[in-house]
1. Which Cα, out of H125, A87, G170, lies furthest along the positive dipole direction of the chain (beta carbon charges, K/R +1, D/E -1)?
2. Where the only charges are on Cβ atoms (+1 Lys, Arg; -1 Asp, Glu), what is the dipole of the chain about its Cα centre, to the nearest 20 debye?
3. Enumerate lysine pairs in segment 1-119 that are 8 or more residues apart or on different chains, then count those whose Cα atoms are under 24 Å apart.
4. Can you tally the net charge around L149? Count Lys and Arg as +1, Asp and Glu as -1, for every other residue whose Cβ sits under 13 Å from the Cβ of L149.
5. Tell me the label-point distance for the pair Y33, D81, using the 7 Å Cα-to-Cβ offset, in nm and rounded to one decimal.
6. Which one, V18, S150, G54, is farthest towards the positive end of the dipole of the chain when Lys and Arg carry +1 and Asp and Glu -1 on their Cβ?
7. Whose amide H sits under 5 Å from the amide H of I135, counting only residues 5 or more places off or on another chain, with H placed in the peptide plane?
8. Between segment 74-99 and segment 21-69, what is the separation of their alpha carbon centroids in Å?
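Just so you know, all these numbers are worked out from the coordinates, no wet-lab data involved. These numbers were taken from a predicted model, which means no experiment stands behind them. Cβ coordinates were reconstructed from backbone atoms using ideal geometry, including for glycine residues, and neighbour counts include every protein chain displayed.
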Amino acid sequence: MDIAMQCFWHRGFETTSVRDLADQMGITQTSLYNTFGDKRTLYTRALEHYLTQGNRARIKRVEGLPPTEAIEEFFQGIVEDSIADKARRGCMLVNTGLEIAPHDPEFRKKVAGELAFIEEFFRSHIEAGRTSGAIRPDVSAGELAKMLLSVLLGLRVLARSRPQRAVLEGAVRAALAVMFV
């Protein structure tokens, strides 16, 4: 699954052929169809694999930290991953949201659900941070969570063309400065 994920992530859904996938996975096209059904089904599974080891794993790693530290660590991980991505693949979730979701209700629902999950992580940590007095109380937690989600998506897109640490960290710093007391 990791090989299929890498192939789709690098080339996208449309430009990745079944032959590309079979060649990269070291199997025949017939075996690919017999094992996974079709390209779309394999993409769905590859995206799920990506989500499990990406943002979901990152959120799980920072979940026990104090609220502001968890948000900072989440974004620091995004910056580090973006800088390390020499192929400039960006985020497979964002790529899916741009390439497939506008034309496919199932993928639109999948992308929207994952973005809502990330937004909820932000919202819950913002509310917890307010309790400790570390996060400003004058803007709703929901609105701040939406802002952080927007910053995240912007970072993922920005990293494809300007993956410099100063650019990415500057964007994060500015967003957090608006939110933290």
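1. Of H125, A87, G170, it is A87.
2. My answer is approximately 280 debye.
3. 4
4. Values: positive: R123, K146, R156; negative: E114, E119, E120, E143.
Combined, the nearby Lys, Arg, Asp and Glu give -1.
5. In this crude label model, Y33 to D81 measures out at 3.4 nm.
6. In the chain, that residue is V18.
7. R130, V181
8. 14 Å
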